[in-house]
Amino acid sequence: MNSTHPEEYRQEGLHNTATTIAIEMEALAQCENCDEVVNNHSGMKDRVRDEALKRFRAKNPRMKDFRDEQEVEDAVKGALKNTAEECSCTNEGDD
Ligand SMILES: [Zn+2]
């Protein structure tokens, strides 16, 4: 397959889309200083997943790279899983 979008990049895009939805829903927050994404409200996974699935079913253009609902769920899970409670610059400022 001679694709300009290898699977690796597609997966990264799915992850970014899921992260963006989570930030919009304030489940995740992006630090203004270091751009790091931190966990804003834990326990919102189901709500973010439902919203992402809703957009996927509504054929939202931003969801076009997702092939099925399982990929949407996996991306949301992944986006919420690897986030810290605090970003690095918060830690640095902690005296
Ligand atoms: Zn920061």
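What would the Debye equation give as log₁₀ I(q)/I(0) for the stretch 40-89 at q = 0.22, 0.23, 0.24 Å⁻¹, counting only Cα atoms as equal point scatterers?
-0.78, -0.82, -0.87
Using only helices, what value at 222 nm comes out for the chain when you add -39,500 (n - 2.57) per DSSP H run of length 4 or more and divide by the total residues, to the nearest 500 deg cm²/dmol?
-16500 deg cm²/dmol
Any idea what angle helix 45-57 forms with the longest principal axis of the chain, computed on alpha-carbon atoms, 0 to 90 degrees, nearest 10?
30
Give the accessible surface of the stretch 7-93 per residue, rounded to a whole number of Å², with probe radius 1.4 Å and ligands, DNA and RNA excluded.
66
For q values of 0.13, 0.18, 0.21, 0.24 Å⁻¹, compute log₁₀ I(q)/I(0) with the Debye formula on a Cα-only model of the stretch 7-93, without solvent.
Per q value, in the given order, log10 I(q)/I(0) is -0.40, -0.72, -0.93, -1.13.
Return the distance in nm (one decimal) between the two label points of a simple spin-label model at Ala84 and Ala58, each offset 7 Å from Cα along Cα→Cβ.
3.4
For the stretch 7-93, what % of the accessible area comes from carbon and sulfur atoms, probe 1.4 Å?
Here carbon and sulfur together make up 42 percent of the probe-accessible area.
The values are calculated or read from the model by the stated rules, or taken from the named source; none is laboratory data. The structure displayed is predicted, hence computed values, not measured ones. Cβ sites come from the backbone with ideal geometry, for glycine too, and all protein chains shown count toward neighbours. Surface accessibility is based on the protein's heavy atoms, side chains included, excluding ligands, DNA and RNA. Shrake-Rupley method; radii C 1.70, N 1.55, O 1.52, S 1.80 Å.
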